[in-house]
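Participant: Got a structure for you, questions after.
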Ligand SMILES: [Zn+2]
């Protein structure tokens, strides 16, 4: 979760959550303990978190870098902003950055009183300086921004004891300033002179330094329900925050990734024996968002570092026009990860589809090698298998819930009929225990003994 930090310039801060619940008020060095004894403990202008682990602290023409994992200031700082933030030498950022924020599609915005220096993090170079009312039409000209914080819903720009709200989804500025006092109860008696959004938790015990999820501007919308434009916005945000790296846009609005890596999880092709490196290209952006969310969940929850697939890329030639050809589908074959000291590999075939099933007419009797043909509701076979690995039973069940929430489940519509299915019920998610049966064909459970089929949108051309 994200927390909003406000500084007073002389060493104190107020920390709130996105709903303005107070989490902390006191000395900054009590949370960022690595500041103790440094010249920053008496204050700095503002801060900016660029990736999970590093916070940049600005004071006058200089900046420092703070490592959250070790809770220490990195050595060899300060440096001059103008020297290391490319192209800022002849901008007001060379003198002082008064506030800073990440903006999806905009990379970073460095506020310098009433001017804004755009900074492209991918190019690592300034994109130009504009006035505050040019950057945010509707804001009064000459508004000197003293602090900027972001939530999923909005960018808040503070100017002394007043603030402005910029809607995150529409970019629309509410041109009416409002007093901080009374509207931000957690900041009562506190006038921010700097601030930033930290993607880490703060609790009564202090700063929680575990990695926090990367902000996704449409986190509550299933990937299947995103418009292509919204999906692109999510991917741009993930790109800006380093969770994935998109290649320059290709034809059709399809997405190519520079590396087949999302949230640190690598996608590898499974040839039936081993996995091998593969590229991620020609993805429908909604499918890429679903994959990114799956990777983030799997990495955070089960320490997954590799997802094995047997088909994910769209057909660049355009000849194949089903959901796979259009880059809207994933055939997921397995997962590998590390939990605690032990590592694991789970394959849909070996650990699920090739295992025994209960005898439907005699559930307590001897198990059978496979479901007899025929369409009917079934059960998740590992649940009744006393010899199944408990990790496989738990992880595949949890995985199913995650994929059914992002890709198509009961129907092929963006909204998706509720409630979500469970394994064994009819669904557009195909797997070894699916009700559909087609022993000789490709659209029954028999053809999905070795993978989960996941799709966005219709099965045929869309
Ligand atoms: Zn498939």
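Please treat every number below as a calculation from the coordinates, not as lab data. On a predicted model such as this, the values are computed, not experimentally measured, just so you know. Note that each Cβ is placed from the backbone with ideal geometry, even for glycine, and that neighbours are counted across all protein chains shown.
Participant: With n ≥ 4 as the cut-off for DSSP H runs, can you work out [θ] at 222 nm for the chain, using -39500 (n - 2.57) per run divided by the number of residues, rounded to the nearest 500?
Facilitator: -4000 deg cm²/dmol
Participant: Still on this structure: Taking a ≥ b ≥ c as the square roots of the eigenvalues of the Cα gyration tensor of the chain, is the shape rounded (a/c under 1.5), prolate (a/b larger than b/c) or oblate?
Facilitator: Numbers: a/c = 2.39, a/b = 2.03, b/c = 1.18.
Prolate is the answer for the chain, as a/c is 1.5 or above and a/b outweighs b/c.
Participant: Based on other C-beta atoms within 10 Å, arrange 228, 102 from fewest to most.
Facilitator: Fewest to most other Cβ atoms nearby, the residues stand as 228, 102.
Participant: To continue, here is another question. Please give, to one decimal in nm, the separation of the simple spin-label points placed at residue 181 and residue 20, each 7 Å out from Cα toward the Cβ.
Facilitator: The modelled label-to-label distance comes out at 1.5 nm.
Participant: Just rank 331, 167, fewest to most, by other beta-carbon atoms within 10 angstrom.
Facilitator: Fewest to most other Cβ atoms nearby, the residues stand as 167, 331.
Participant: Can you give the FRET efficiency to the nearest 0.05 for residue 368 and residue 426, using r as the Cβ-Cβ distance and R₀ = 22 Å?
Facilitator: After rounding to 0.05, the efficiency reads 0.50.
Participant: Determine the shape class of segment 303-374: with a ≥ b ≥ c the square roots of the Cα gyration tensor eigenvalues, call it rounded for a/c under 1.5, and otherwise prolate if a/b is greater than b/c, oblate otherwise.
Facilitator: Oblate is the answer for segment 303-374, as a/c is 1.5 or above yet b/c matches or exceeds a/b.
Participant: For 107, 361, 38, which order do you get if you count the other beta carbons within 10 Å of each Cβ and list the fewest first?
Facilitator: Working: 107 21, 361 7, 38 18.
Neighbour counts put them in this order, fewest first: 361, 38, 107.
Participant: Rounded to the nearest 10 degrees, what's the angle between the helix 285-302 long axis and the longest principal axis of the chain, both from Cα atoms, 0 to 90?
Facilitator: 90 degrees
Participant: Cα axis of helix 228-240 to longest principal axis of the chain: angle in degrees, 0 to 90, nearest 10?
Facilitator: Between the helix axis and the principal axis of the chain, the angle is about 60 degrees.
Participant: Grab the beta carbon distance between residue 319 and residue 384, set R0 = 41 Å, and tell me the FRET efficiency rounded to 0.05.
Facilitator: It comes to 0.45.
Participant: Could I ask something else about it? Helix 390-406 versus the longest principal axis of the chain: what is the Cα-based angle in degrees, 0 to 90, to the nearest 10?
Facilitator: In the chain, helix 390-406 runs at an angle near 70 degrees to the longest axis.
Participant: Would you please classify the overall shape of segment 3-208 from the alpha carbon gyration tensor, given that a ≥ b ≥ c denote the square roots of the eigenvalues, rounded means a/c under 1.5, and beyond that prolate means a/b larger than b/c while oblate covers the rest?
Facilitator: Since a/c reaches 1.5 but b/c is at least a/b, the shape of segment 3-208 is classed as oblate.
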